[in-house]
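Visitor: Below is one structure. I have some questions about it.
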Amino acid sequence: MRKTTHGQNYGIQLGPGKLADFDFADDIALLSNTRDALQDITTGLQINRTKVGLRISAEKTKAMIVGEHQTILLTVDQKDIEYVDKFQYLGSYMSRTGDVDTDIRARIGKASGVFRRLHNVWRCSSIGMNTKLRLYTSVVLPTAIYAGETWTSVAKTRHMLDVFNRRVCETFWAFRGKITSATRTC
């Protein structure tokens, strides 16, 4: 990426400088204000990747224009890149409209899965409620709010998280009322 962007005016204005990409391991998100600059950085990346033995998968490459409904033709290795309304990058969903509902629903879904996988722990009568709550706050809740610092704080977001939390609390109390040490063991 450094060789591709060196000396070029790629990226979007961010403070006094420009931000052209987000990189993490083999995932790269390229940023640009214009189609031509985005195609140029993509082409430059294709040229430089061959020098180091890397490959860009045209099938896995996606494009998204934030805030607009139009699509523009971008290519990788003479193959058109698919346009999407949302995509996942490093565990978080980005959307064309900038709303975070998709990301929040995905995070709550993942947290619900973690909560369900711990079903035997929640039902176990020999594990105290304080231990279960500590497990919830250290494993389940962080799964639900991962990358939450990037969400816009609106009433709808808080409501979605509150509904999830209430469901979990209701489940805790349901288990507590139905389980006795005589009927259930770990």
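Visitor: Which one of the conditions (1) surrounded by fewer than 16 Cβ atoms within 10 Å (Cβ to Cβ); (2) modelled with pLDDT of 90 or more; (3) over 30 Å from T61 (Cβ atoms) does S112 fail to meet, given that it meets all the rest?
Guide: For S112, the failing item is (1).
Visitor: All but one of (1) out of contact with any strand residue (DSSP E or B) (no Cβ under 9 Å at 6 or more places or on another chain); (2) in a loop (DSSP other than H, G, I, E, B) hold for V139; state the number of the condition that does not hold.
Guide: Just one mismatch for V139, condition (2).
Visitor: Among T150, T143, which is the only one that is exposed (fewer than 11 other Cβ atoms within 10 Å of the Cβ), within 21 Å of M94 (Cα to Cα) and touching a residue at least 12 places away in the same chain (Cβ under 8 Å)?
Guide: Of T150, T143, the one residue that is exposed (fewer than 11 other Cβ atoms within 10 Å of the Cβ), within 21 Å of M94 (Cα to Cα) and touching a residue at least 12 places away in the same chain (Cβ under 8 Å) is T150.
Visitor: Has segment 35-49 got any residue that is in a strand (DSSP E or B) and at pLDDT 80 or above?
Guide: no
Visitor: Residues to consider are Y89, Y83; find the one that is under 19 Å from E149 (Cβ atoms) and outside the structural domain of W151 (by TED's automatic domain parsing). Walk me through it before giving the result.
Guide: Numbers: Y83 fails: under 19 Å from E149 (Cβ atoms).
Testing whether each residue is under 19 Å from E149 (Cβ atoms) and outside the structural domain of W151 (by TED's automatic domain parsing) leaves just Y89.
Visitor: Looking at segment 99-136, which of its residues are of a type in the set (A, V, I, L, M) and assigned to a helix (DSSP H, G or I)?
Guide: Let us first name the residues in segment 99-136 that are of a type in the set (A, V, I, L, M), namely 100, 104, 106, 108, 111, 114, 118, 121, 127, 129, 133, 135.
Answer for segment 99-136, where residues must be of a type in the set (A, V, I, L, M) and assigned to a helix (DSSP H, G or I): I104, A106, I108, A111, V114, V121, M129, L133, L135.
The values are calculated or read from the model by the stated rules, or taken from the named source; none is laboratory data. These figures come from a predicted structure and were not determined experimentally. Note that we place each Cβ from the backbone using ideal geometry, even for glycine, and neighbour counts take in every protein chain shown.
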